[in-house]
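Asker: A single structure is presented below for examination.
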Amino acid sequence: MGAITFDKTTLAILAEALERLDEGFRDLPAFAPIIDHEVLRAVLLETADRMQDNFPYQHPLYAGQMLKPPHPVARLAYAMAQTINPNNHALDGGRASSAMEKEAVAHIAAMFGWHEHLGHLTGGGTMANLEALWTAGRLHPGKRIVASQQAHYTHSRISEVLGLSFQAITTDGRARMDMDALEAVLQTGEIGTVVVTMGTTATGSVDPLPDVLALREKYDFRIHADAAYGGYYNLVGNLTPEVRAAYDCLNQVDSIVIDPHKHGLQPFGCGCILFKDPAVGALYKHDSPYTYFSSAELHLGEISLECSRAGASAVALWATQRMFPLERGGPFAADLAKCRQAALTLYAMLNDNLRFMTVFPPQLDIVIFAPTGSSASAISRRSREIFDAAAAENLHLALASFPQTLIEKTWKTIEWDQPTVTVLRSCLMKPEHLDWIEDIGTALEAAASAAVMG
Ligand SMILES: *Cc1c(COP(=O)(O)O)cnc(C)c1O
């Protein structure tokens, strides 16, 4: 019986830190909030009961969707900050947490080689991409936004919200934006911004940024890099030369989105938008009667589309980056490299197993694969069976659907009796996945056998 143990050992450190926080407010007259401990206890235990209805995201055998438990330093710093609950809209709403946000965001910008930037945290990647495309639309009015067919689905929807026209560009056999297709569209002269995805959500594919930059020599357009999931891989050494080359020129794009709540060890509610040219701040100019203006310094609320934002998010990120600086060769980078190694290991295991087929090598830490089969419908059905059988073995995978045009470049002999195929997908986003990869393989094998018998 290996019950999952959630960390409780660090709660004493939180109590100690709260004592320290209290010291800063000692000159206030004594005041203690009234809390009914009996009711609180009953409600919290009931809440724990309800929360048992979840997949075990915190466990290495959860190897499905893009979910990663926050590091204790982030959880504890967040919990501590919530006792104050600062609002990073304005310095008056959160003095310390606004300063910490600026520092944390500057460190992320420096990771991309930007020593000057404009940027801030957001509620998530969608909101951050909205700010990037809103800026893009203001700077290239009437022009179209393009992104690959495998770009995050929100880009087309965000464009719709902003009243901008959007076009999807076909992908190559590794789910990256096709450069011939992109150039054909650029020749129309109607494109204002190209969204380059640095790690697609479905397969972790990295668009060929060096080639997009080369096209920018010929055509005039902005480049926005959506690195919501893949951005931190900039720190990692074990990438292919091709992917490394894409990261190495990331400093030449106009804007970057990265989600600290994806690979940055943060709880959900933490995205980040960065602009290379701080002058875009002028676009945000607004005149809210509610904005607090006690400081001459630029308020974060003046360079953000959102008004209230959780200062606790910034505090958690700042603390995490103190413990895990964003440096190559550091412990944070080493953990990410393990995720990638886990994906490479799983990919090799699947290639050696006649029961499974792969599509292409992982470019970051996501592997897509499927049970061997002869038609798109049979493979899709078997994928769903193995998905269920694996869950019964406590191994949690994800399912993903891809168009024929993408997969047929690799699986040349299967019969396309339907336009898409459903395959298995595994995001190996926890460093522990590397130590568990044999167990994952064993559970997968058992699931494949069980699905045959069933
Ligand atoms: C997750 C993701 C998004 C959306 O970000 P949210 O934080 O979920 O709003 C956008 N782009 C990519 C590439 C992503 O992986």
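Asker: Among the candidates ALA334, ALA310, single out the residue that is crowded, with 20+ Cβ neighbours inside 10 Å and more than 17 Å from GLY199 (Cα to Cα).
Answerer: Of the residues listed, the single one that is crowded, with 20+ Cβ neighbours inside 10 Å and more than 17 Å from GLY199 (Cα to Cα) is ALA310.
Asker: Something else about it: With assigned to a helix (DSSP H, G or I) and surrounded by 15 or more Cβ atoms within 10 Å (Cβ to Cβ) as the only criterion, which of ILE386, ILE368 stands out?
Answerer: ILE386 is the lone residue from the list that is assigned to a helix (DSSP H, G or I) and surrounded by 15 or more Cβ atoms within 10 Å (Cβ to Cβ).
Asker: Quick one: in region 235-245, which of the residues that are out of contact with any Lys or Arg (no Cβ under 9 Å at 6 or more places or on another chain) and not hydroxyl-bearing (Ser, Thr, Tyr) is nearest to ASP365 (Cα to Cα)?
Answerer: Here the answer is VAL243.
Asker: Name the residues in region 399-439 that are touching a strand residue (DSSP E or B) at 6+ places or on another chain (Cβ under 8 Å), of a type in the set (A, V, I, L, M, F, W, C) and under 23 Å from GLY230 (Cβ atoms), would you?
Answerer: Passing the criteria: LEU399, ALA400, PHE402, LEU406, ILE407, VAL423, LEU424, CYS427, LEU428.
Asker: Look at region 227-259 and say how many of its residues are within 16 Å of the ligand (Cβ to nearest atom) and not polar (S, T, N, Q).
Answerer: 16
Asker: Then there is this: Condition first: of a type in the set (D, E, K, R) and touching a residue at least 24 places away in the same chain (Cβ under 8 Å). Now tell me which residues in region 73-118 satisfy that.
Answerer: Correct list: ARG75, ASP92, GLU101, LYS102, GLU103, GLU116.
Asker: Quick one: which of LEU326, LEU317 is at pLDDT 95 or above, hydrophobic (A, V, I, L, M, F, W, C) and touching a His at 6+ places or on another chain (Cβ under 6 Å)?
Answerer: LEU326
Asker: Could you please let me know if GLY93 is more than 22 Å from ASP259 (Cβ to Cβ), in contact with a strand residue (DSSP E or B) (Cβ under 6 Å, 6 or more places away or on another chain) and at pLDDT below 95?
Answerer: Considered against the rule, which asks whether it is more than 22 Å from ASP259 (Cβ to Cβ), in contact with a strand residue (DSSP E or B) (Cβ under 6 Å, 6 or more places away or on another chain) and at pLDDT below 95, GLY93 comes out as yes.
Asker: What pairs can you find where one residue is in region 440-454 and in a helix (DSSP H, G or I), the other is at pLDDT 95 or above and acidic (Asp, Glu), and their Cβ atoms are less than 7 Å apart, with a gap of 6+ or different chains?
Answerer: Between residues of region 440-454 that are in a helix (DSSP H, G or I) and residues that are at pLDDT 95 or above and acidic (Asp, Glu), the close pairs are ALA443/GLU393; ALA446/GLU393; ALA447/GLU393; ALA451/GLU385.
Asker: Could I ask something else about it? For region 213-226, state whether one or more residues are buried (at least 19 other Cβ atoms within 10 Å of the Cβ), part of a loop (DSSP other than H, G, I, E, B) and within 11 Å of the ligand (Cβ to nearest atom).
Answerer: no
Asker: Within region 146-164, count every residue that is under 26 Å from ILE366 (Cβ atoms) and either more than 16 Å from the ligand (Cβ to nearest atom) or out of contact with any His (no Cβ under 7 Å at 6 or more places or on another chain) (or both).
Answerer: The qualifying residues number 13.
The values are calculated or read from the model by the stated rules, or taken from the named source; none is laboratory data. Keep in mind it's a predicted model, so treat the numbers as computed, not measured. Virtual Cβ from ideal backbone geometry, glycine too; neighbours counted across all protein chains shown.
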